[in-house]
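Contents: one structure, followed by commentary.
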Amino acid sequence: MKKWQCILCNFIYDEAAGLPDEGIPPGTRWEDVPADWTCPYCGATKADFDMIAISG
């Protein structure tokens, strides 16, 4: 599972957690998030997200 970060507001979409409050269940891969989905914080589109590497 990967994490994706909004380049405008730094919101992180975590594939493992999903966004159940927005109808996106845990385990939903980024490519399966609807194309018209927007960032819940700033309204950015999926094109405004980059995959991030989490060290640890």
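Read the figures in this text as sums done on the coordinates, not as results from a lab. Predicted, not measured: the structure shown is a model, and the values here were computed from it. Neighbour counts run over all protein chains shown; Cβ positions are idealised from the backbone, glycine included.
Quick look at the values:
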item	result
The chain: relative contact order in percent, alpha carbon pairs under 8 Å with at least 6 residues between	39 percent
Segment Ala53-Ala35, length gained on full extension (0.36 nm per residue, minus Cα span)	4.2 nm
Approximate spin-label separation Thr45-Cys9, in nm, with each point projected 7 Å along Cα-to-Cβ	1.7 nm
Tail fraction, Cα-Cα pairs, the chain, threshold 13 Å, whole percent	56 percent
Cut-off 11 Å between beta-carbons: net charge of the residues surrounding Cys39, Lys and Arg +1, Asp and Glu -1	-1
